[in-house]
Amino acid sequence: MSSDLSQKMGEMDISKKVTGSDESADGSIAKPFKTPLAALTASASFIDTASFLIKKAQVADAEPTDYQPLAPTAFKKAKKAFELNLKKSKKHAETQAKESASNLAKQQEEEKRIENSKSIVLVQDPSLPPAKFIKINDAVNYRDQRVNVRGWVHRMRVQGKDFMFIVLRDGTVNLQCIMTDRLCHTYEALTLTLESTVSLFGTIKTVPEGKSAPGGHELIVDHWELVGKAPGDSEAVSNKVSADSDPSIQYAQRHLVIRGDNQSAVLKARSYTLRAFRNHFHSIGYLEVTPPCLVQTMVEGGSTLFSLPYYGEEAYLTQSSQLYLESCVPAMGNVYTISESYRAEKSNTRRHLSEFTHCEIEAGFISFEDLLDTIENTVCGVVDNLLNDPVSRQLIEQLNPTFKSPSRPFMRMKYEDAIIWLNEHNVKREDGNDFEFGDDIPESPERFMTDTINRPILLTHFPGPIKSFYMPKTKGDPRVTDSVDLLMPNVGEIVGGSMRIDNYDDMLNAFKSAGLDPDNYYWYLDLSKYGAFPHGGFGLGVERFLAWITDRYTVKECCLYPRFPGRCQP
Ligand code: 4AD
């Protein structure tokens, strides 16, 4: 028996225990086939002259004499299968050839269409009424009128050769625009990409019964112009970032991410929220101040200070404008600011940013109870302001459909009782022990308590050692201070505030105990020297407030370009 392909062997023993290999066989004794079909397939071009042998029995080191011809029925069966396979692969090859020919034809037709499209120039019909340039959110006032809208191609759908849907975004709201016939035939139309800017002319029409579109109307386009073309293919916006992209890509491409439906809605809600804070404070007679961010004093502990060289001296980015606000009260009455604060927070959590927007107030001649009421009134006043405005209400409904204004009064709970609550609910410290009076309550147990109670909690009277140097001891209980945090379900602490020490000697001692040089705070000490007055205030993290009302997982989604360890771009 020769070892070339003129004699193929299918190797099977009587007990049907099959050996050989169809993958590595060559038809020799050393490398026999496993199945007759494979042997036939390998001998396709000389099937009629080849002889197909099968091993008589399983023997090691088979000799040619151990093989016998394949039984005619087995050969017939294998040949039938082989012919069927042959037919199938012929058909497959034919289909493939047809497909590639049709693809080529289509490609050529497309190329021709694109080439022809270059000569199509759209001209506005002079008999049409002039189109007024409007913002899309005004379209409801221009139904059945001819208008011009300009913006970005937010979504796009091409239906056949003569029909295109564009969802146009102009920063206000979105508009569905319909382009037909010649408008779809230009080079610009055939190569239009997402995020390109366009100027569309047409008539605003209510959508037909049974159809829906943003605002209940659509633009029937009669003329359009391309303003700025966005790249396609690998540079296309959808290839740069998507909802499934890794968070690091999402943060790096945030300038594009913010164009998305939800992220732009959060930024809009943020703008309305800032306005609502200003409206609220204006309505209660507080004046806005804008204190400096470059400072040489710390407010909330040295461990989170960002320092920087300042003309040969050391300066910091402010942690809080509180001390400056306090200095404004004798000059301007009650004040507030909405400014950036900075914290070199080492940990990367859902609720910490290195730079955050801090809404702070300071009020004179108030009691601690007044301060608690002011916090509650501010939060509820701002929420009312937002829900009373149809645009901000709609944004909140879009982002957080189940949002309801918090019921009043807020629960008031002393720190001491929170420690008892945690122990009663078997919440342990990190070291596995029960919480004790004097312990700082970390984020996770605080969240557990707030989420379980599921109402806003004004948590008050924290022990002095775990709070800031400027907080006065509570009369009648010197273990604690007139201090407060507002805790919100799903977010945790959104407000921190307190009364302030207003006695000169107490203040001096407070600086000394905190290891701070009172000379650096000479201007602050003058507050309790030149007309001391009872006062207090609070700071509210705008991103945390927004995470609460818009139901975002992290505060990083609630500011334009979040800053946190490892990210200072874009
Ligand atoms: O509790 P904090 O540290 O209080 C102060 O800064 C006071 N000086 C404020 C005052 O009385 N004028 O911060 C107040 C609030 C916190 O409740 C939180 O909402 C927010 O500021 N905040 C942060 N938000 C995001 N990232 C951070 N790293 C934050 N640190 C504080």
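Here is how the numbers come out for the structure above:
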item: Any pair with Cβ under 9 angstrom, 6 or more apart, that starts in the stretch 540-561 at a residue that is on the phi > 0 side of the Ramachandran plot and ends at one that is surrounded by fewer than 24 Cβ atoms within 10 Å (Cβ to Cβ) and among the aromatic types (F, W, Y); result: D551/F403
item: Candidate set: the stretch 277-304, residues that are within 17 Å of G381 (Cα to Cα) and assigned to a loop (DSSP other than H, G, I, E, B); chosen: the one farthest from the ligand (Cβ to nearest atom); result: G285
item: Per-region count, the stretch 480-513, residues under 24 Å from I419 (Cβ atoms) and either surrounded by 15 or more Cβ atoms within 10 Å (Cβ to Cβ) or touching a residue at least 60 places away in the same chain (Cβ under 8 Å) (or both); result: 20
item: Looking only at the stretch 287-321, and only at residues there that are among the hydroxyl-bearing types (S, T, Y) and under 35 Å from the mean Cα position of the chain (by Cα), the one that is surrounded by the most Cβ atoms within 10 Å (Cβ to Cβ); result: S321
item: Residue match in the stretch 528-550 (condition: within 16 Å of the ligand (Cβ to nearest atom), surrounded by 14 or more Cβ atoms within 10 Å (Cβ to Cβ), assigned by the TED database to the domain that holds I361 and among the polar types (S, T, N, Q)); result: yes
item: Residues being in a loop (DSSP other than H, G, I, E, B), of a type in the set (A, V, I, L, M) and within 15 Å of the chain's Cα centre (by Cα) - total across the stretch 518-556; result: 0
item: Residue match in the stretch 446-455 (condition: within 11 Å of the ligand (Cβ to nearest atom) and either hydrophobic (A, V, I, L, M, F, W, C) or surrounded by 22 or more Cβ atoms within 10 Å (Cβ to Cβ) (or both)); result: no
item: Inter-residue pairs, beta-carbon under 8 Å, first touching a residue at least 40 places away in the same chain (Cβ under 8 Å) and in the stretch 412-438, second in a loop (DSSP other than H, G, I, E, B), 6+ apart; result: K414/H461; Y415/I441; Y415/H461; Y415/F462; E416/F437; E416/H461; A418/I441
item: Every pair of residues 6+ apart whose Cβ atoms lie under 7 Å, when the first sits in the stretch 319-331 and is assigned by the TED database to the domain that holds E362 while the second is β-branched (V, I, T) and more than 10 Å from the ligand (Cβ to nearest atom); result: L323/T297; L325/V289; L325/V335; C328/V289; C328/V335; V329/V335
item: Qualifying residue in the stretch 377-385 (condition: among the polar types (S, T, N, Q), in contact with a helix residue (DSSP H, G or I) (Cβ under 7 Å, 6 or more places away or on another chain), within 16 Å of the ligand (Cβ to nearest atom) and more than 21 Å from Y553 (Cα to Cα)); result: yes
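Yes/no matrix, rows are residues, columns are (1) more than 9 Å from the ligand (Cβ to nearest atom); (2) in contact with a Gly (Cβ under 8 Å, 6 or more places away or on another chain):
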residue	(1), (2)
Y310	yes, no
E313	yes, no
E326	no, yes
P330	yes, yes
K346	yes, no
T349	no, no
H352	no, no
T357	no, yes
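The values are calculated or read from the model by the stated rules, or taken from the named source; none is laboratory data. Predicted model only: the values in this text are computed from it and were never measured. Backbone-built Cβ (ideal geometry, glycine too); neighbour counts: all protein chains shown.
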